[in-house]
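Reviewing the structure listed below.
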Amino acid sequence: MRKKAERRWTVMVVPHGSGASRAVELSQTVVKVLAGIGSVVALTFLVLGAAAISRGVNITRSRALENENRVLAEEVRRMRERLVGLTDTMNQFSERERELRLLAGLTPTDSGVQRAGIGGPAGAWSERDSLAALGSRGQEALAARVDVDALSRRADILVRSLNEAYGSLAKQRERLAATPSIMPTKGWISSAFAAERIHPILHLARPHEGIDVTAPMGAEIEAPAAGIVTDVKWEEGYGNMVTLDHGGGLVTRYAHCSKILVARGKRVKRGDVIAKVGSTGLSTGPHLHYEVWVNGHAVDPKKFVLPDAIVD
């Protein structure tokens, strides 16, 4: 049996320009070998190219990450510097808050409460372990997070405390505005508050439940505090009399007026002119009879005359 002849190829090599063409005869085996070698070389170049591209990408990505890390590290550093400044500012606010609470008659906030348990919630963060695993920069970010949360809690506490202090001051201001603190008219005290005195006209021993302030006829009588006019009338012995209710059981009365300038129900404030000095009723001359009553009991009005320095 005859063996099948191996296929062969002839490759014609034709040079450019002058020169004779050459014929190269290749067997099927040689072609297969050359094809295999070519495939291996092509695959090798492909693998090496892919590796080179991958390495270039990794280098680029690594450089980008390093740059991002530098930027983030710088940002964390700046944040830490700002936190130092914010902490100083918060300390100043805390000092002012303490002073304000004292003025408002409130107990200063405990320093431990103001610090609000710095660092306490750190263990509850879901990303805490992730930050800690990032090395020194992660630790810096974690520390910054702790400080930011602590400042936030301190700010919340200060806001609540300041609101409480302002509320208390507002109430005190209303109370002080309604507390008599000035002499209703300019003059001199001719008769003091007394449990008993001889009446200058009746010549009988009677309580003197106020003070007499001698002043010129028609001198202005001012409200010594904010209040509401509750009574305007003629009273036997007192003549023309006006009564102010200042709230909280505190009432003031003004007698012997020549003229009353307010009507019942009118709201007045400290310094408003409510009447004029006269000599109506049982009186020996122009003067103001001024009384202060607290919860139904007459008290010495001089206790409600404060120095000008603290009168609003």
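Tell me which residues, restricted to segment 57-95, are within 19 Å of S152 (Cβ to Cβ) and of a type in the set (K, R).
If the condition is that a residue be within 19 Å of S152 (Cβ to Cβ) and of a type in the set (K, R), then R78, R80, R82 are the ones that fit.
Look at segment 270-302 and say how many of its residues are in a loop (DSSP other than H, G, I, E, B) and touching a helix residue (DSSP H, G or I) at 6+ places or on another chain (Cβ under 7 Å).
We begin by selecting, within segment 270-302, every residue in a loop (DSSP other than H, G, I, E, B); these are 270-272, 279-286, 295-296, 300.
Narrowing the set further to residues that are touching a helix residue (DSSP H, G or I) at 6+ places or on another chain (Cβ under 7 Å) leaves 270.
Qualifying residue count for the region: 1.
Being surrounded by fewer than 18 Cβ atoms within 10 Å (Cβ to Cβ) and not small (G, A, S) is the filter; apply it to segment 281-292 and report the residue that is farthest from T214 (Cα to Cα).
Residue satisfying both the conditions and the ranking: L282.
Starting from segment 285-299, take each residue that is in the same structural domain as G248 (by TED's automatic domain parsing) and within 12 Å of S191 (Cα to Cα) and list its partners that are of a type in the set (A, V, I, L, M) and assigned to a loop (DSSP other than H, G, I, E, B), counting only C-beta distances under 9 angstrom and pairs at least six apart or across chains.
H287/A215; L288/A215; L288/A219; Y290/M183
Identify all residues within segment 226-269 that are of a type in the set (D, E) and outside any strand (DSSP E or B); write none if there are none. Talk me through it step by step, then tell me what you get.
Kept after step one, since they are of a type in the set (D, E), are these residues of segment 226-269: 231, 235-236, 245.
Answer for segment 226-269, where residues must be of a type in the set (D, E) and outside any strand (DSSP E or B): just E236.
Does R264 satisfy the criteria of being in contact with a Pro (Cβ under 8 Å, 6 or more places away or on another chain) and of a type in the set (D, E, K, R)? Can you show your working first?
Working: in contact with a Pro (Cβ under 8 Å, 6 or more places away or on another chain): no; of a type in the set (D, E, K, R): yes.
Answer is no for this residue.
Which one is surrounded by the most Cβ atoms within 10 Å (Cβ to Cβ) among residues in segment 233-280 that are hydroxyl-bearing (S, T, Y) and closer than 16 Å to I182 by Cβ? I'd like the intermediate steps shown before the answer.
Within segment 233-280, the first condition is being hydroxyl-bearing (S, T, Y), and the residues that meet it are 238, 243, 252, 254, 258, 279-280.
Right, trim to closer than 16 Å to I182 by Cβ and you get 252, 254.
On the way: T252: 23, Y254: 26.
Among those residues, the one meeting the criterion is Y254.
For the subset of segment 147-166 comprising residues that are surrounded by fewer than 16 Cβ atoms within 10 Å (Cβ to Cβ) and polar (S, T, N, Q), which member is modelled with the lowest pLDDT?
S152
For segment 203-221, how many residues meet the condition of being assigned to a strand (DSSP E or B) and surrounded by fewer than 18 Cβ atoms within 10 Å (Cβ to Cβ)? Walk me through it before giving the result.
Kept after step one, since they are assigned to a strand (DSSP E or B), are these residues of segment 203-221: 205-208, 211-214, 220-221.
Going one step further and asking which of them are surrounded by fewer than 18 Cβ atoms within 10 Å (Cβ to Cβ), we end up with 205-207, 214, 220.
Number of matching residues: 5.
What is the one condition in (1) in contact with a Lys or Arg (Cβ under 9 Å, 6 or more places away or on another chain); (2) at pLDDT below 70; (3) surrounded by 10 or more Cβ atoms within 10 Å (Cβ to Cβ) that M12 does not satisfy?
Of (1) in contact with a Lys or Arg (Cβ under 9 Å, 6 or more places away or on another chain); (2) at pLDDT below 70; (3) surrounded by 10 or more Cβ atoms within 10 Å (Cβ to Cβ), only one is false for M12: (3).
The values are calculated or read from the model by the stated rules, or taken from the named source; none is laboratory data. These numbers were taken from a predicted model, which means no experiment stands behind them. Note that we place each Cβ from the backbone using ideal geometry, even for glycine, and neighbour counts take in every protein chain shown.
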